[in-house]
Amino acid sequence: MSAFYNPVSKYEEQVEFDGVTLFELHGPPRAPVVDSSTTTLPIKSVQNITQCPVCLMSLKKTHIVMECLHRFCGECIEKSIRVGKKECPSCRLHLPSRRSLRADPNFDALLVAMLGDVNALDEEEAKETEAQNRELNFNNALTKSQQVGIQQQNINRKKVKISTPRANQYSNQRSPSSYAVHCPSQPNQYSRTTSAPSSSSKRSSSDSASHNAKRRMEASQKNLISFVLRRHPRETGVARLDREYIRTSSELKIIHLKKFLGIKLGFERFEEFQIIIMAEGKGVILDESLTLDNIRNSILDSRSGEFVLHFKT
C-alpha cells in the first residue's frame, strides 16, 4: 500500500498532486512579509553579477548579449567586438556585430539601488588597491629600474661630451693646403708618394674593412636579446600575437613594444597598452622609457629560465 502514499510527505496520505502534500494544498495561506528591513551583504559576495568581466570594474551602461545573456559595460563590449575577435569575452560565442547587443537600463537601476554611486565605489576600490600595492612594495623594482636608467643616460651624456673636444682638436689644426704654402719649391723627388696605391695597400685596406665589418657584426649580435611577448591571462579585449618569441636589440624601449603591438594587432591607441613583468611573485607595470637591457639587468629574476613580458589594455 506504500506505493499509493505521497513520497514527499512524512505521513501516510494520498497523492492529489505530485510533489505537494495535503497540508500545503489545503492548509491556510501564509501571511505576507510586510517587514521593510533590508539585508546587508559584503560587496565581494555579489561581485560576480555586478562586475564587468572585461575591465573588472562595476558595470556601467550595461549591455547584454542576446544569445548567451552575459552582461558587460557598453564601452567594453563594443571595444572588444571592434578591436578583438568577434566573440563573447565570457563564453566565446560568436557575435557578428553590435546588433547582438541590447542595453539593459533595468540592471543599471538595480546596481544603483544596491551599490549607490558606482563611480565613487570604483574610485574607492582603486585607492584601496593603490594603498595595498604601496604597502607591499609593488613598484619597488620599477623605481629602482628607473633610477638605473637615469644613471645610464647620464653616463652616456658624459661620453658624448668627452668625445666632442677630441674631434675639434684636429679641426683646429692647419689643413694640408696651408702646409703647401710654406713648402719650398723642390724638384719632383716626392712625386712617387702621390702615385696610385699599390695592390698590397689595396689588399690590406680590404682586410681591415672585412675585419671591422666582422667586429661590428659581433657587437650587434651581443646587443641582441630574446624574450617572450605574451598576452596577459586576464586580457580578453585584444588578440594574441601569432609569434610570441622575439629577438631584437637590447636597447629597444617599452614605448617601441607598444607601437609594435599596435601595428601587429591593429590597435590605433597603442599608448593604452600596459607591459607587465613578474618580479618576486608580483606584477610590475613597466615604464615607457625603460629599455630591455635595463629590465633584464634590474628587474628580471635571474633564477627564472626565460624572459617573459605580458601585455594588456
**Asked** For Leu22 and Ala103, FRET efficiency with R0 = 51 Å and r from the beta-carbon atoms, rounded to 0.05?
**Response** 0.60
**Request:** Starting from the Cα of Glu125, move 7 Å in the Cα-to-Cβ direction to define the label point; list residues of segment 17-60 whose amide nitrogen is under 11 Å from there.
**Result:** 43-60
**Prompt:** So who's got an amide H within less than 5 Å of the one on Leu309, skipping anything under 5 residues away but keeping other chains? H placed 1.01 Å off N, in plane.
**Reply:** Val228, Leu229, Arg230
**Asked** Any idea of Ser210's accessible area? Nearest 10 Å², probe 1.4 Å.
**Response** 50
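Please compute, over every Cα-Cα pair in segment 66-114, the percentage with a separation greater than 12 angstrom.
63
What per residue convex hull volume, in Å³, comes out for segment 231-284 when only alpha-carbon positions are used? Could the numbers behind the result be given before it?
Details: hull volume 5.8 nm³, N = 54.
For segment 231-284, the hull spanned by Cα atoms encloses 107 Å³ per residue.
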**Request:** Obtain the nm distance between the two label points defined at Val112 and Ser45 by a simple spin-label model: each point lies 7 Å from its Cα along the Cα-to-C-beta direction.
**Result:** 2.6
**Förster-model FRET efficiency, 51 Å R0, Glu87 and Asn156, C-beta, rounded to 0.05** = 0.60
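For a Förster distance of 25 Å, can you work out the FRET efficiency between the beta-carbons of Ala239 and Glu271, rounded to the nearest 0.05? Don't skip to the answer; put the middle values down first.
Numbers: r = 19 Å, r/R0 = 0.74.
Calculated transfer efficiency: 0.85.
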**Request:** Give me the aspartates and glutamates in straight-line cross-link reach of Lys10: C-alpha distance below 19 Å, same-chain residues under 8 apart excluded.
**Result:** Asp18, Glu24
**Complete:** Those chymotrypsin sites (Phe, Trp or Tyr not before Pro) from segment 1-68 that are DSSP loop and have at most 11 other Cβ neighbours within 10 Å turn out to be Tyr11, Phe17
**Asked** Which of the lysines could a cross-linker bridge to Lys44, judged by Cα under 28 Å and excluding same-chain residues fewer than eight apart?
**Response** Lys60, Lys61, Lys79, Lys127, Lys282, Lys312
**Request:** Express in nm, to one decimal, how much length is gained between Leu224 and His256 on full extension, taking 0.36 nm for each residue of separation and deducting their alpha carbon distance.
**Result:** 10.0 nm
**Item:** Exposure rank, largest accessible area first [Phe307, Phe260; 1.4 Å]
**Value:** Phe260, Phe307
**Prompt:** Which value, in Å² rounded to 10, gives the accessible area of Arg134 with a 1.4 Å probe and all protein chains present?
**Reply:** 150
**Prompt:** Which value in nm describes the separation of the simple spin-label points at Gln132 and Val33, placed 7 Å from the Cα toward the beta carbon?
**Reply:** 3.2
**Item:** Relative intensity, log₁₀ I(q)/I(0), of segment 1-136 from a Debye sum that treats every alpha carbon as a point, q = 0.20, 0.22 Å⁻¹
**Value:** -1.13, -1.27
**trypsin sites (Lys or Arg not before Pro) within segment 238-296: DSSP coil, no more than 15 neighbouring Cβ in 10 Å** = Arg240, Arg243, Arg269
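The values are calculated or read from the model by the stated rules, or taken from the named source; none is laboratory data. Keep in mind it's a predicted model, so treat the numbers as computed, not measured. Glycine gets a Cβ as well: all are built from the backbone with ideal geometry, and neighbour counts include every protein chain shown. Just the protein is used for accessible areas: all its heavy atoms, side chains included, with ligands, DNA and RNA removed. Shrake-Rupley method; radii C 1.70, N 1.55, O 1.52, S 1.80 Å.
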